[in-house]
Amino acid sequence: MVPATDPPRDAQASIDYPAVQNSEQFRELRKTHRSFAFPLAVAFLVWYFAYVLLADYAHDVMSTPVIGNINLGVILGLAQFVTTFGITMWYVSYANRKLDPRATSIREDLEERERAAQVEVDS
C-alpha cells in the first residue's frame, strides 16, 4: 500500500523531472556542489595515500621520534582523523550556507507543482 504522504501517481506524472534536472537552477546547484566536493575529495585522497605509502615504504621517516615514544607515523596517523573531522565540519558548513538554500528552493518549487497537479486531478 502507498503511504498517505506520497502524492498520487497522476500528480507525479505531471511533473517533468528530467526537465527539472536540466533546469539552470538545478545545474547551478550541481556545479556548486561539485566545485567544492571534488577538489576536496581529491586533496584528501592524495593526503591519505601519501600517508599509506609513507607508512609502507618510508619506515625511517615514519619512525622518526618527535616527543618521547611518539613518532612521526603516529602523529600523521592521528592527523588523518583530525583532517577527516575537519573536512566533514567544513562540508556541513558549506552545505548549510550554499547548497541547502538552493536545494530547498528546488524542493519547494516541486512541492508547489505537485500541489497544483493534485488540484487539477481533484477538479
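The values are calculated or read from the model by the stated rules, or taken from the named source; none is laboratory data. Because the structure is a prediction, the values reported are computed rather than measured. Cβ placement follows ideal geometry from the backbone for every residue including glycine, while neighbour counts extend to all protein chains displayed. SASA here: full protein model, heavy atoms, side chains in, ligands and nucleic acids out. Shrake-Rupley method; radii C 1.70, N 1.55, O 1.52, S 1.80 Å.
Quick notes on this one:
- For region 44-69, the set of residues classified as aromatic (F, W, Y) and open to solvent by 70 Å² or more (accessible area, probe 1.4 Å) consists of W47, Y48, F49, Y57, listed by residue number.
- For region 96-123, a residue qualifies if it is of a type in the set (G, A, S) and touching a residue at least 12 places away in the same chain (Cβ under 8 Å), and the qualifying residues are A103, S105, A117.
- Subset of region 70-85 (residues that are under 19 Å from the mean Cα position of the chain (by Cα) and either open to solvent by 70 Å² or more (accessible area, probe 1.4 Å) or over 24 Å from A50 (Cβ atoms) (or both)): F81, V82, F85
- Pick from region 1-43, criterion among the β-branched types (V, I, T) and modelled with pLDDT of 95 or more, ranking: surrounded by the most Cβ atoms within 10 Å (Cβ to Cβ): T32
- Taken residue by residue, region 87-99 has at least one member that is part of a helix (DSSP H, G or I), under 30 Å from F36 (Cβ atoms) and among the charged types (D, E, K, R).
Yes or no, residue by residue, for (1) touching a helix residue (DSSP H, G or I) at 6+ places or on another chain (Cβ under 8 Å); (2) exposed (fewer than 14 other Cβ atoms within 10 Å of the Cβ); (3) at pLDDT 95 or above; (4) more than 29 Å from L40 (Cα to Cα):
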site	(1), (2), (3), (4)
I87	yes, no, yes, no
Y91	yes, no, yes, no
R97	no, yes, yes, no
E111	no, yes, no, yes
Q118	yes, no, no, yes
